[in-house]
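Written below as structure tokens is the structure these notes are about.
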Amino acid sequence: MPLRIGQEIQALPRQDRLTLGAALAAARARLVAAGVEDAAADARALMKDALGLPDRAPPLDETRALAQSEREAFALRVERRARRVPVSRIRGRRAFWRRDLAIGAATLDPRPDTETVVEAVLDRLVGRRRAPLRLLDLGAGTGAIAIALLDELPAATAILVDRSEAAARIARGNLAACGMSGRAAVMVGDWARALAGRFDVVVSNPPYIASAAIAALDPEVRDHDPRLALDGGADGLDAYRAIFAGLPRSMGADAFAVVELGAGQAEDVSAIARASGLEVAGVRRDLAGTERALVLRSGSVGCRDAGFAG
């Protein structure tokens, strides 16, 4: 039987003293019944959020009694998760690289796979991490990729571009919260079309899901990530075509670009890149072994990347 928002979990024991452990056990059962894959971890994350504790707080004391207000706060969160709202959207935040970033309805929820893009960039900047590099993040969303790179590249500056004004506001807020507003600017626009000047590093996590495939995605993605950040057109590759068409004019001497890939897209995206006059310098796999980040150079520079660490 569905729970009513704001009320206690119906499965919880009806007793004056409810321990944290008993609440977690009932929540796990509720989430398993709702088809949530990692019910135990999600229940603990939601409990920490309900108690106002950070993700990295010490292990929970399961013998501790919950106050009535804490029971209600936890029940509300469990009910939302049972309806397949992601934990990060319930919290309004997502941990990415070294930061805890605000997310919203207008932004993609940045996943750990996207950290592969950051790693690919840093691998290519060995010996140059303190250089005054100019970064460009296309389709920036929360600003996660740019913020991670600014953390690692202390002399770098960045331009972030997104087509959504609401997403741009969230990115600006995250930059401010990280103390990076003086090193970055956020613009609303169509990829790099309105930008002048050249950049040392260009990054992008574009929409790459084929339109017809969106309906089959997990509800956490399909129902909560903005369609603008998911839909890559009929074959999932429209954004790559648009980005690569203008990419050569945005890349300075010795510049490179790293774009995130959907599973199985490396060959097709590489072909689009080459047709746009770009050189494919390497592909980096994520922790699951999926080809996740494509590294590109301007075709006029020539391919000098046999040592790429993928």
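No value in this document is a laboratory result; all are computed from the given coordinates. No experiment lies behind these values; they were computed from the predicted model shown. Every residue, glycine among them, receives a Cβ derived from its backbone with ideal geometry; neighbour counts consider all protein chains shown.
Give, in nm to one decimal, the length gained when the segment between SER211 and THR290 is fully stretched (0.36 nm per residue of separation minus the Cα-Cα distance). Going from the current span to full extension adds 26.3 nm. Taking amide H atoms as placed 1.01 Å from N in the peptide plane, the amide H of TYR208 lies under 5 Å from those of GLY232, each 5 or more residues away in sequence or on another chain.
Can you tell me what share of the DSSP beta bridges in the chain is antiparallel? A percent to the nearest 5 is fine. Here the share of antiparallel DSSP bridges comes out near 45 percent.
Annotation: the residues ILE209, ILE147, sorted from fewest to most other C-beta atoms within 10 Å of their own C-beta, follow the order ILE209, ILE147. As a proxy for reagent exposure, ranking TYR240, TYR208 by other Cβ atoms within 10 Å from fewest up yields TYR208, TYR240.
Using Cα-only point scatterers and the Debye equation, what is log10 of I(q)/I(0) for the stretch 46-147 at each q in 0.19 Å⁻¹, rounded to two decimals? Here log10 of I(q) over I(0) equals -1.01. Across the options GLY299, VAL280, VAL36, the greatest Cα extent toward the positive end of the charge dipole of the chain (unit charges at beta carbon of Lys, Arg, Asp, Glu) belongs to VAL36.
Coupling constants for the stretch 61-72 follow from the phi torsions by the Karplus curve (6.51 cos²θ - 1.76 cosθ + 1.60, θ = phi - 60°), and in residue order they are 8, 6, 8, 5, 7, 8, 6, 4, 5, 6, 4, 5 Hz; glycine and proline get x. Volume per residue of the convex hull around the Cα atoms, evaluated for the stretch 20-83, comes out as 71 Å³.
Computed 3J(HN,Hα) for the stretch 280-288, one whole-Hz value per residue from the Karplus formula 6.51 cos²θ - 1.76 cosθ + 1.60 where θ = phi - 60°, is 7, 9, x, 10, 10, 8, 7, 5, 8, glycine and proline marked x.
Note on the chain: helix-only mean residue ellipticity at 222 nm, from DSSP H runs of 4+ residues weighted -39500 (n - 2.57) and normalised by residue number, equals -10000 deg cm²/dmol. Remark: the chain carries a charge dipole of roughly 660 debye about the Cα centre, counting +1 on each Lys and Arg Cβ and -1 on each Asp and Glu Cβ. When the inverse distances between all different Cα atoms of the stretch 115-209 are averaged and flipped, the Kirkwood radius reads 13.2 angstrom.
Could you list the residues of the stretch 246-276 with an amide nitrogen less than 18 Å from a label point located 7 Å from the Cα of ALA234 in the Cα-to-C-beta direction? Of the residues in the stretch 246-276, 268-269, 272 have backbone N under 18 Å from the label point off ALA234.
Residues whose amide H comes within less than 5 Å of that of ALA184, counting only those at least five positions distant or on another chain, are ALA158 (H built at 1.01 Å from N in the peptide plane). Cα centroids of the stretch 22-98 and the stretch 196-230: 27 Å apart.
Normalised by the number of residues in the stretch 93-298, the average gap of Cα pairs under 8 Å and 6 or more apart makes the relative contact order 20 percent. Per-peptide packing, taken as the mean over residues of other Cβ atoms within 10 Å, places 152-162, 276-286, 58-68 in the sequence 152-162, 276-286, 58-68 from highest down. Each residue in ASP137, ASP42 was given a count of other beta-carbon atoms within 10 angstrom of its own, and listing them fewest first yields ASP42, ASP137. Computed from backbone phi with θ = phi - 60° and the Karplus coefficients 6.51, -1.76 and 1.60, the 3J(HN,Hα) list for the stretch 237-247 is 10, 4, 5, 4, 4, 5, 5, 5, 4, x, 5 Hz; x is used for glycine and proline.
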